[in-house]
Protein chains: 2
Amino acid sequence: MSNENAGLNEFKTINKYFAPLSESVQGAFNLTDDAAIIDPPAGQSLVVTTDALVAGVHFLPDDPAEDVAAKLLRVSLSDLASMGAVPAHYTLSIAVPPKQNSSWFKAFSAGLAENQHDFKITLIGGDTVATSGPLTLSLTALGYIEKTKGLRRNGAQAGDSIWVSGTIGDGALGLLAAENKLASLDRANCEYLIQRYRRPNPRTKLGPNLIDIAHAVIDISDGLVADLSHICEISEVGADIQIADIPLSPAAVEGLEKNPVLLDLILGGGDDYELLFTTDPNFAGIFEEVADKSEVALTKIGEITLAKTIRLFDQKGHEYMPHQKGFTHF
Amino acid sequence: MSNENAGLNEFKTINKYFAPLSESVQGAFNLTDDAAIIDPPAGQSLVVTTDALVAGVHFLPDDPAEDVAAKLLRVSLSDLASMGAVPAHYTLSIAVPPKQNSSWFKAFSAGLAENQHDFKITLIGGDTVATSGPLTLSLTALGYIEKTKGLRRNGAQAGDSIWVSGTIGDGALGLLAAENKLASLDRANCEYLIQRYRRPNPRTKLGPNLIDIAHAVIDISDGLVADLSHICEISEVGADIQIADIPLSPAAVEGLEKNPVLLDLILGGGDDYELLFTTDPNFAGIFEEVADKSEVALTKIGEITLAKTIRLFDQKGHEYMPHQKGFTHF
């Protein structure tokens with residue numbers, strides 16, 4: 001049982017790195033009070049999401065501190081995007097192992113600052129504590145959305161088109177690359193995948209643009225099929241997916257050519273943080289306009305069915321059976 | 001690097017314990033969506049606070065799960081109280097070591113349910129992840145307060161009276177008792193102190209009743225003198241405290257009689273979660289009414305001075321010098 005006071009001065013130093021991140025919000029009181037006081041915009045709903053990341057589980061212990069900061073923020077920003085919300089504020093709690101030094105905190109807070117700026121979200125509070133375990137980060141993000149307009153998972157209807165943003169599978173392949181398990185790949189492609197794993201791109205512009213358009217939205221964190229199954233379960237529908245239509249990055253294409261078994265990982269791996277959504281089929285007529293506005297490619301990969309199962313089809317129209325069990329049928 | 005999917009079913013089970021805690025809030029979507037959607041009451045400000053607790057640092061690893069749940073919620077409720085806010089919602093992130101079993105989660109969620117009911121606060125989201133380290137809990141609490149009415153630390157003025165709620169020092173003595181380091185004390189007194197440490201009473205009724213009355217408020221988490229110094233530093237004032245006026249529980253009185261050195265712990269120890277606040281001197285005329293309404297005793301312990309130092313006086317009017325250095329002068 002350690003007395004926290006022992007580390008208090010250290011934490012005061014750490015707080016020096018965090019307080020500047022809050023300075024644009026008067027009600028954060030420079031992180032010197034017991035809580036922040038925020039005035040939500042009139043007529044808006046508040047959207048709240050909490051995510052935790054643990055070193056050795058959600059990121060590699062040696063990942064650069066700036067990338068850990070980026071991932072932490074972007075994972076929550078992706079959750080806000082999937083509800084259609086515009087980011088506003090966040091609080092941060094950090095459980096710090098003894099070995100974490102001030103240069104790490106300097107780099108970590110610089111990473112937060114850069115991503116705050118890019119995604120227009122501001123720190124308003126938090127807690128820094130000691131731990132004997134791995135570095136553990138928890139972030140609560142707050143965003144706003146016009147009342148009654150929030151996007152949900154539960155509105156998918158038979159006949160809906162299924163769309164995804166960006167490219168799929170890069171997150172899971174990027175983790176392999178970061179662990180030096182994709183050595184046969186072109187070096188630049190490896191680097192690309194690692195960056196996709198470490199710095200996912202939350203689709204914060206796309207989310208709000210899907211309001212009044214998407215019937216169901218989810219961000220792909222558990223994996224394409226797993227997250228599609230979350231939508232199908234709660235919407236009480238099924239889905240047919242055309243594997244050849246799933247958008248892949250050139251790096252993922254190279255990986256797949258060299259090792260076709262990686263297809264399972266593309267379908268079942270997580271950490272893409274793209275949005276998957278369903279729409280009325282005539283969205284096809286305006287998808288390019290929405291994609292342009294949202295600065296991300298959109299691709300139709302299948303459709304929602306009445307059957308309560310997810311089916312994956314290859315180019316010959318045969319149902320694809322994954323090499324590993326456990327992720328296609330729910 | 002573990003793949004989280006391995007534990008996914010386990011976490012689904014855990015979520016069964018948490019989902020019922022959210023059922024009174026429609027916008028929590030039974031914890032099945034990416035985020036919660038809440039409508040803040042019109043004309044109110046949102047108050048946000050985040051606190052983290054780590055097993056072995058903030059609570060004893062063998063503390064009952066119900067007490068850990070109680071402490072986790074009550075620490076944040078105390079922060080809301082010190083701003084004058086009325087509790088509303090919270091999110092919870094839990095990093096779980098492998099040994100934490102479902103009976104622990106059952107007891108923990110039962111503790112949350114009991115405290116939610118008592119303090120009128122509801123779970124709206126969170127994240128459960130695996131860790132190789134100690135159990136790590138982070139809670140973000142949301143409350144509301146009438147716009148512009150939030151209580152702060154920075155308004156203390158020379159001549160203000162200094163008040164505290166309840167009794168002081170029980171938290172720090174309770175930790176000693178829980179560690180079997182107060183064996184000479186009456187058994188019932190020991191139990192009382194342990195309960196005060198494990199289940200602090202956040203003054204959620206008192207906080208809102210101090211609006212338009214208190215000039216500065218803080219909750220006593222770091223210790224009486226340390227938290228008073230937080231107010232003094234940011235208000236740019238000092239304080240004179242009469243030690244004999246500090247309200248003590250009968251258990252603390254017994255402890256002090258048996259070991260006078262414990263006075264340092266009463267002045268400098270933390271975990272009381274009482275409110276310390278400063279008021280115009282004529283608050284003395286109405287303090288009983290406020291205390292009755294708030295269901296807690298209020299005691300004047302000193303006054304704010306122009307000198308930028310905190311002085312502690314014994315019954316003979318001599319300045320008290322603590323046995324340990326480092327907590328009286330800032």
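Overview of results
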item: One residue from A:Ala141, A:Ala177 being without any contact (Cβ under 8 Å) to a residue 24 or more places away in the chain, surrounded by 22 or more Cβ atoms within 10 Å (Cβ to Cβ) and either among the small types (Gly, Ala, Ser) or within 9 Å of chain B (Cβ to nearest Cβ) (or both); result: A:Ala177
item: Test: residue in the range B:258-275 that is over 20 Å from B:Leu175 (Cα atoms) and over 24 Å from the mean Cα position of the chain (by Cα); result: no
item: Test: residue in the range A:292-299 that is free of Cβ contacts under 8 Å to residues at least 24 places away in the same chain and surrounded by fewer than 22 Cβ atoms within 10 Å (Cβ to Cβ); result: yes
item: Selection count, the range A:308-322, where residues are without any contact (Cβ under 8 Å) to a residue 60 or more places away in the chain and out of contact with any Ser or Thr (no Cβ under 7 Å at 6 or more places or on another chain); result: 5
item: Residues being part of a strand (DSSP E or B) and either under 13 Å from B:Val164 (Cα atoms) or not charged (D, E, K, R) (or both) - total across the range B:291-314; result: 11
item: Qualifying residue in the range A:158-168 (condition: free of Cβ contacts under 8 Å to residues at least 60 places away in the same chain and out of contact with any Leu (no Cβ under 7 Å at 6 or more places or on another chain)); result: no
item: Residue list for the range A:154-174, restricted to those being part of a strand (DSSP E or B), in contact with a Phe, Trp or Tyr (Cβ under 7 Å, 6 or more places away or on another chain) and among the small types (Gly, Ala, Ser); result: A:Ser161
item: Boolean, A:Leu151 is in a loop (DSSP other than H, G, I, E, B), in the same structural domain as A:Leu275 (by TED's automatic domain parsing) and crowded, with 22+ Cβ neighbours inside 10 Å; result: no
item: Residue list for the range B:72-106, filter: among the basic types (Lys, Arg) and at pLDDT 95 or above; result: B:Arg74
item: Some residue of the range B:125-136 being of a type in the set (A, V, I, L, M) and not assigned by TED's automatic domain parsing to the domain that holds B:Met83; result: no
item: Test for A:Asp67: is it of a type outside the set (A, V, I, L, M, F, W, C), buried (at least 24 other Cβ atoms within 10 Å of the Cβ) and either within 17 Å of the chain's Cα centre (by Cα) or not in a helix (DSSP H, G or I) (or both); result: no
item: The lone exception for A:Ala284 - which of (1) in contact with a Ser or Thr (Cβ under 9 Å, 6 or more places away or on another chain); (2) at pLDDT 95 or above; (3) buried (at least 19 other Cβ atoms within 10 Å of the Cβ) it fails; result: (3)
item: The range A:39-52 residues that are at the interface with another protein chain (Cβ under 7 Å from one of its Cβ atoms), paired with ones that are acidic (Asp, Glu) and buried (at least 24 other Cβ atoms within 10 Å of the Cβ) (beta carbon under 6 Å, 6 or more apart); result: A:Thr49/A:Asp79
item: Members of the range B:287-330 that are hydrophobic (A, V, I, L, M, F, W, C), closer than 19 Å to B:Val217 by Cα and at pLDDT 95 or above; result: B:Phe287, B:Val290, B:Ala291, B:Val296, B:Ala297, B:Leu298, B:Ile301, B:Ile304, B:Leu306, B:Ile310
item: Failed item in (1) within 14 Å of chain B (Cβ to nearest Cβ); (2) in contact with a Leu (Cβ under 9 Å, 6 or more places away or on another chain), with A:Leu182 passing the rest; result: (1)
item: Residue in the range B:24-44 that is at pLDDT below 95, assigned to a helix (DSSP H, G or I), buried (at least 23 other Cβ atoms within 10 Å of the Cβ) and in the same structural domain as B:Ser138 (by TED's automatic domain parsing) present; result: yes
item: Test: residue in the range B:129-138 that is more than 11 Å from every other protein chain (Cβ to nearest Cβ), assigned to a loop (DSSP other than H, G, I, E, B) and either in contact with a strand residue (DSSP E or B) (Cβ under 9 Å, 6 or more places away or on another chain) or at pLDDT below 95 (or both); result: no
item: Some residue of the range B:77-86 being surrounded by 24 or more Cβ atoms within 10 Å (Cβ to Cβ), within 12 Å of the chain's Cα centre (by Cα), more than 7 Å from chain A (Cβ to nearest Cβ) and not hydroxyl-bearing (Ser, Thr, Tyr); result: yes
item: Among the candidates B:Ser184, B:Ser161, residue that is closer than 27 Å to B:Ile243 by Cα, surrounded by fewer than 22 Cβ atoms within 10 Å (Cβ to Cβ) and modelled with pLDDT under 95; result: B:Ser184
item: Identity of the residue in the range B:193-250, of a type in the set (Lys, Arg) and surrounded by fewer than 23 Cβ atoms within 10 Å (Cβ to Cβ), that ends up modelled with the highest pLDDT; result: B:Lys205
item: Enumeration of residues in the range B:96-115 that are surrounded by fewer than 20 Cβ atoms within 10 Å (Cβ to Cβ), within 29 Å of B:Arg203 (Cα to Cα) and not aliphatic (A, V, I, L, M); result: B:Trp104, B:Lys106, B:Glu114
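The values are calculated or read from the model by the stated rules, or taken from the named source; none is laboratory data. A quick note: this is a predicted structure, and the numbers were derived from the prediction, not measured. All Cβ positions, even for glycine, are placed from backbone atoms using ideal geometry, and neighbour counts span all protein chains on display.
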